[in-house]
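What follows is a set of notes on a single structure, which appears directly below.
Rule-based calculations on the coordinates, nothing more; no lab input. Everything numeric here is computed off the predicted structure, so don't read it as measured data. We place every Cβ from the backbone using ideal geometry, glycine too, and count neighbours over all the protein chains shown.
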Amino acid sequence: MGWLPDLADPTFRPGWREQVRLHWVANVIMLRSWHHTVGFILWSLIALPGWLMWAWFFLFLAAVAAKGSLATGAFIATTALGLIPILAIQHMAFVVAFRRHYAPCYRMAMNRAGTPVCEGCGHLLGQSRAACPECGRVA
């Protein structure tokens with residue numbers, strides 16, 4: 001496994017330089033597609049209301065702690081516990097955005113580099129370039 005999750009068939013193991021080149025090309029493909037760029041940004045912003053509520057709650061707790069009504073340990077614990085669900089939501093939203101909007105661009109980059117791969121599921125197609133045996137998508 002490389003430095004990012006597998007975006008294609010696990011049997012495809014390019015070298016480090018090839019991985020970097022494929023990611024550069026995939027980033028360019030994604031940035032040229034308004035659908036993928038906007039979709040990635042919107043999925044990544046799902047947790048923004050939670051972040052804003054957490055920031056407001058943090059400021060409220062800081063004001064209460066400044067008055068001496070809240071111990072330092074309770075302030076830290078409450079702040080950290082409030083942050084955990086927001087981080088979990090942010091992580092799940094990023095994973096969905098990555099799979100829906102970046103992975104297809106990476107697979108397009110693989111096809112452009114000469115490695116025939118299904119753009120739907122990432123299965124290596126070999127030289128046949130026929131329908132994918134995994135998902136049935138026509139190449």
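Not counting the cut sites, what is the longest span of the chain without trypsin sites (Lys or Arg not before Pro) that DSSP labels loop and that have at most 13 other Cβ atoms within 10 Å?
Maximal segment without exposed cleavage sites: 1-66.
Between L59 and N27, what is the FRET efficiency for a Förster distance of 35 Å, r being their Cβ-Cβ separation, to the nearest 0.05? Before the final figure, lay out each step's value.
Values: r = 36 Å, r/R0 = 1.04.
Result of the calculation: an efficiency of 0.45.
Order of C121, C132 from fewest to most other C-beta atoms within 10 Å? Intermediate values should be presented prior to the final figure.
Numbers: C121 16, C132 19.
Ascending Cβ contact count within 10 Å gives the list C121, C132.
Share of Cα-Cα pairs in the chain beyond 27 Å, in percent? Before the final figure, lay out the partial values.
Numbers: 4003 of 9591 pairs.
The answer is 42 percent, as a whole percent.
Percent of Cα-Cα pairs per 10 Å bin, from 0 to the last occupied bin, for segment 34-73, please list those.
So the P(r) values, bin by bin, are 27, 28, 21, 15, 9, 0.
Report the relative contact order of segment 16-112, percent, no decimals, based on alpha-carbon pairs under 8 angstrom and at least 6 residues apart. Don't skip to the answer; put the middle values down first.
Numbers: 64 pairs, mean separation 52.9, N = 97.
That works out to 55 percent.
Which of V117, V38, V64 moves the most in a Gaussian network model of the chain with Cα springs under 10 Å?
Most flexible of the set in this elastic network: V64.
Over 17 Å apart: what share of the alpha carbon pairs of segment 67-139 falls there, rounded to a whole percent? Intermediate results must be reported in sequence, preceding the final value.
Values: 1611 of 2628 pairs.
Result: 61 percent of Cα pairs exceed 17 Å.
Between A130 and I76, what length in nm is gained on full extension when 0.36 nm per residue of separation is reduced by their alpha carbon distance? Intermediate values should be presented prior to the final figure.
Details: separation 54, 0.36 × 54 = 19.44 nm, distance 5.74 nm.
Gain on extension, A130 to I76, equals 13.7 nm.
Roughly how tilted is helix 103-112, in degrees to the nearest 10 and between 0 and 90, from the longest Cα axis of the chain?
Relative to the chain, helix 103-112 is tipped by roughly 30 degrees.
Once each part is reduced to its C-alpha centroid, what is the distance from segment 105-139 to segment 11-49 in angstrom?
Comparing the Cα centres of segment 105-139 and segment 11-49, I get a distance of 17 Å.
What per residue convex hull volume, in Å³, do the alpha-carbon atoms of segment 11-56 yield?
On the way: hull volume 5.9 nm³, N = 46.
In segment 11-56, the Cα hull volume divided by residue count equals 128 Å³.
Using a 4.7 Å Cβ cut-off, which Cys residues in the chain lack a partner cysteine?
Flagged as lacking a Cys partner: C105.
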